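All remarks here apply to the structure that follows.
Read-outs throughout are calculated quantities, based only on the coordinates presented, and are distinct from any laboratory measurement. Please read these numbers as outputs of a predicted model, since none were measured by experiment. In this analysis, Cβ positions are derived from the backbone assuming ideal geometry, glycine residues included, and neighbour counts consider all displayed protein chains.
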Amino acid sequence: RQTAPTPAAIRAAKGGTPLVALTAYTTPTARMMDGVVDIVLVGDSVGMVLHGLPSTLGVTMEMMILHGQAVRRGLGASLMVVDMPFGSYEAGPETAFANAARLMSETGSEAVKLEGGRHMADTIRFLVARGVPVMAHVGLTPQSVHALGGYKVQGRGAAGEALIADAQAVAEAGAFAVVLEKVPAALADRVTSEVPIPTIGIGASAGCDGQVLVVDDMLGLFTEFRPKFVKRFATLGERAEAAIAAYAGEVRARTFPAEEHTFADTAPGETT
Ligand code: KIV
Ligand code: NA
C-alpha cells in the first residue's frame, strides 16, 4: 500500500479483514512496518520497553513527542497514532485538547489514543469536534494500574456489562476505534458485535476487528516479563545477546577486527 488509511477508513473497516496494528518507537522499526500494518501506535509502553520505567505512569509529553517524531520519519503508508501520557488529558477537555494538539502538531501524527470509557466520553467528544481523531482504550488500562490493583483481567462476570457500556460510550462520543486490553474472549466478541466501531484486541479475542501488540514483545526483544497474550514471533533478544557475546570474545582474542575491516596506508580507488 502506498498511502496511509485515514481514521475514517479504519472506522469503515469494521467487520472486514482484521486490522493489523503494532507499536513503534523508533525510525527503523517504523520503516520495517510501514505499509505492512494498518496502524502504528507510538504507545506509552515506550516508557517500560525502552526507558526501563516500572510502569507507564512516568511517561511524559516530551518522551511521546520525541518518539513520535522518530516514528513519523519512518512512516508514510500506515496510520500513525500517538498515546496521550498519564496526566495529559484526565483533568478536563480543555487540557486534553491542548496536549492532543501539541502531540499532533509536533509529531505529525494523524490521531491520538487515550485510556478510559464512560468517564472520558465528554473529553473524546470535545477532541473529535475540534479535529482530533481519537482511538479509545478500555478494559485493562495500564495508566490506572494502581487504582486497578495490578495488571488483572478486566470485565469478568458482572463487570462485563460496565465494560460494554464503556465501549459504547466511547463509540457514541466519536472515537474511530477502541482498544480492548486483557478481557475475556467472549466479552470481547460481544463488544465487537454490539459496538459500531472497530475493536482492536490485545489479550482479547481473534474475533475482534483487529489486533495490536507491543513490537518489542512480539520480536522477543523485551524479555523482563511476558504477559499471557504476547506471542513471540521471533526471539531477537536471544540473538542479540549471542552477537554481543561473540563480539566480546573476538575483541579479547584479537580476531576482530580482521584484515578486511582495516585500512592499508595506500589503497587506489578506496574512498570509504
Ligand atoms: O502503549 C501501548 O503499547 C498500548 C498498546 C498495547 C495498545 O497502549
Ligand atoms: Na498505551
For the chain, set up a GNM with springs between Cα atoms under 10 Å and report which of THR141, THR95, THR123 has the largest fluctuation.
THR95
Between exposed GluC sites (Glu not before Pro) in the chain, where DSSP calls loop and at most 13 other Cβ atoms lie within 10 Å, what's the longest gap?
1-223
Most fluctuating residue of ALA246, ALA24, ALA162 in a GNM of the chain with Cα springs under 10 Å: which is it?
ALA246
Karplus (6.51, -1.76, 1.60) ³J(HN,Hα), θ = phi - 60°, over the range 159-171, in Hz, Gly and Pro reported as x
6, x, 5, 5, 5, 4, 4, 4, 5, 4, 5, 6, 5
Over the Cα atoms of the chain the radius of gyration and the largest Cα-Cα distance (Dmax), both in Å, equal 21.1, 78
Holding the Cα-Cα limit at 20 Å, pick out from LYS14/LYS228; LYS182/LYS228; LYS113/LYS231; LYS113/LYS228 the pairs that are longer than that.
LYS14/LYS228; LYS113/LYS231; LYS113/LYS228
The simple spin-label model distance between SER105 and LEU66, using points 7 Å out along Cα→Cβ, in nm, is 2.2 nm
How high is the relative contact order of the range 49-152, in percent, with contacts defined as C-alpha pairs under 8 Å that are six or more residues apart?
26 percent
Is it possible to state the helix-based mean residue ellipticity at 222 nm for the chain, with each DSSP H run of 4+ residues giving -39500 (n - 2.57), the sum divided by total residues, to the nearest 500 deg cm²/dmol? What is it?
-11000 deg cm²/dmol
Can you give the relative contact order of the range 7-235 as a percent, counting alpha carbon pairs under 8 Å and 6+ residues apart?
19 percent
Amide hydrogen neighbours beyond the local backbone of ALA111, cut-off 5 Å, H modeled:
VAL82
Additional length obtainable on full extension of the chain from ALA246 to THR27, 0.36 nm per residue less Cα span:
76.1 nm
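How do ILE65, ILE10 rank when sorted from fewest to most other Cβ atoms within 10 Å of their own Cβ?
With the sparsest Cβ surroundings first, the list reads ILE65, ILE10.
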